[in-house]
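Here is the structure we will look at, set down as structure tokens.
The values are calculated or read from the model by the stated rules, or taken from the named source; none is laboratory data. Please read all numbers here as calculations on a predicted model, not as lab measurements. Note: ideal-geometry Cβ built from the backbone for every residue, glycine included; neighbour counts use all protein chains shown. Surface areas here come from the heavy atoms of the whole protein model, side chains and all, with no ligands, DNA or RNA. Shrake-Rupley method; radii C 1.70, N 1.55, O 1.52, S 1.80 Å.
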Amino acid sequence: MTRTVITTENAPALAAPLSQGIRKGPVLQVSGQLPLDPDTGHVVGTTVAEQTEQTLRNVIAVLKAGGAGLEDVVMLRVYLTDLAHLAEMNGAYAAAVGEPFPARTTVYMQLPPGLLVEVDALAVLDD
Ligand SMILES: C=C(N)C(=O)O
């Protein structure tokens, strides 16, 4: 089975040794996306809600480039810098992702200055 690199100008090009997404057969893994504007590379938003919205826009852009959509996502991982942001992130997340919600894990970690959230996604496409 061929491993295909997924690249799109509609999500930011990250300055790291990674692909925006990788597809192998029906499986599409989206790399951790950040709340960056794809055109400028600048951080979008100062609140965790705003940053979650932009981050999920970037996740969706990579999914689309790989032939998938949110309906194909089985797992999302959300990385937050502060437990106090959980409720606000959940509000923005629920509105953007919609039901039925994929499985999800939320992890707390450090991110570079100004970044409050990162999200990666695993999608499985129909045969
Ligand atoms: C931004 C990332 N996904 C990374 O550095 O792994």
Just going by the charge dipole of the chain, with Lys and Arg at +1 and Asp and Glu at -1 on Cβ, which of 123, 52, 106 is farthest out on the positive end? 123
Determine the calculated [θ] at 222 nm for the chain from helices alone, applying -39500 (n - 2.57) to every DSSP H run no shorter than 4 residues and normalising by the residue count; nearest 500 deg cm²/dmol. -7500 deg cm²/dmol
Return the long-range amide H neighbours of residue 81 (sequence gap of 5 or more, or a different chain), with a cut-off of under 5 Å between placed amide H atoms. 109
Protection proxy ranking of 4-11, 107-114 - average other beta-carbon atoms within 10 Å, highest first: 4-11, 107-114
Just going by the charge dipole of segment 1-86, with Lys and Arg at +1 and Asp and Glu at -1 on Cβ, which of 76, 21, 86 is farthest out on the positive end? 21
Find the relative contact order for the chain and round it to a whole percent, using C-alpha pairs within less than 8 Å whose residues are 6+ positions apart. 32 percent
What angle do you read, to the nearest 10 degrees and between 0 and 90, between the alpha-carbon axis of helix 86-97 and the longest principal axis of the chain? 40 degrees
Sorted by mean Cβ packing within 10 Å, highest first, what order do the peptides 54-63, 23-32 take? 54-63, 23-32
Over segment 36-127, with the other protein chains present, what is the accessible area per residue in square angstrom, probe 1.4 angstrom? 51 Å²
Within segment 44-124, what whole-number % of the accessible surface is contributed by carbon and sulfur, with the 1.4 Å probe and all protein chains included in the calculation? 58 percent
Relative to the Cα centre, what is the charge dipole magnitude of the chain, using +1 at the beta carbon of each Lys and Arg, -1 at the beta carbon of each Asp and Glu, and rounding to the nearest 20 debye? 400 debye
Charge dipole magnitude, Cβ of K and R +1, D and E -1 - segment 68-122, Cα centre, debye nearest 20: 120 debye
